[in-house]
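Q: The structure under discussion is supplied below as structure tokens; questions concerning it will follow.
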Amino acid sequence: MGFDRSVVACYNGINYVLILRYGLVGLNLQNKNEPLDIWLSLSHIFSNITDKLEIALQQEYDLSLKEFYVLSFISKSEQKKLRLQKLQEMVGLSQSATSRLVVRMEAKNCGALERHICEDDRRGIYTRITEFGENKYQRALQTFNQVLQSELQKEGLKSEFQDIIQRLF
């Protein structure tokens, strides 16, 4: 098995930590169920896959992962629109960051989103996915699924997950 990242061994008096292809694999010399080691292992697997998804979406569709999530959330909503406050909660950004992201997506490549004032409550602002945005999302979703499936099938990842699950329970 080749490594995407160089192997680094760290010793902090208790643990050896190896940075391998999928992230951290902690070898705790005192307590095999150390929650921090398990969390770091999961976190680094997630981070590595997230990086691959981000790169693929950026290169092929000029979309960040957060922008892709925005398109996904809105596309899956009942009327293909969401109130900005709800979208903010779903994406996990601040109000101002969500607003800036939506403004970029309204302008980006002829507009993947468009804003609308709520007819019932003039204070409410909705953003709706455009036809262009829906088409872009559907193409990007195929790439997202291909990259995710490829990463999840990489050699060693399944056994690493099994090891983490055993250490958790």
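The values are calculated or read from the model by the stated rules, or taken from the named source; none is laboratory data. Bear in mind the structure is a predicted one, so any value in this text is a computation, not a measurement. For neighbour counting, all protein chains shown are included, and Cβ atoms are generated from backbone atoms with ideal geometry for every residue, glycine included. Surface accessibility is based on the protein's heavy atoms, side chains included, excluding ligands, DNA and RNA. Shrake-Rupley method; radii C 1.70, N 1.55, O 1.52, S 1.80 Å.
Q: Assuming R0 = 35 Å, can you tell me the calculated FRET efficiency for the pair Q142 and S47, based on Cβ-Cβ distance, to the nearest 0.05?
A: On the way: r = 23 Å, r/R0 = 0.66.
Efficiency computed from Cβ-Cβ geometry: 0.90.
Q: On average, how much accessible surface per residue is there in the stretch 52-169, in Å², for a 1.4 Å probe, leaving out ligands, DNA and RNA? Could the numbers behind the result be given before it?
A: Numbers: 7220 Å² over 118 residues.
Accessible area per residue: 61 Å².
Q: Identify the chymotrypsin sites (Phe, Trp or Tyr not before Pro) of the stretch 47-114 meeting these criteria: DSSP loop state and at most 12 other C-beta atoms within 10 Å of the C-beta.
A: Nothing satisfies the criteria.
Q: Could you calculate the FRET efficiency of K86 with E155 from 1/(1 + (r/R0)^6), where r is the beta carbon distance between them and R0 is 25 Å, rounded to 0.05?
A: On the way: r = 40 Å, r/R0 = 1.61.
The computed FRET efficiency comes out at 0.05.
Q: Another question, if that's okay. Could you calculate the FRET efficiency of R104 with Q166 from 1/(1 + (r/R0)^6), where r is the beta carbon distance between them and R0 is 41 Å, rounded to 0.05?
A: Working: r = 44 Å, r/R0 = 1.06.
The computed FRET efficiency comes out at 0.40.
Q: Then there's this: Once you've got the Cα coordinates, tell me which of K52/K154; K86/K158; K81/K136 are over 23 Å apart. Could the numbers behind the result be given before it?
A: Details: K52/K154 13 Å; K86/K158 35 Å; K81/K136 16 Å.
Long pairs (Cα-Cα over 23 Å): K86/K158.
Q: Could you look at the stretch 48-115 and say what percent of its accessible area is carbon and sulfur, using a 1.4 Å probe and all protein chains? Could the numbers behind the result be given before it?
A: On the way: 1790 of 3640 Å².
The computed percentage sits at 49.
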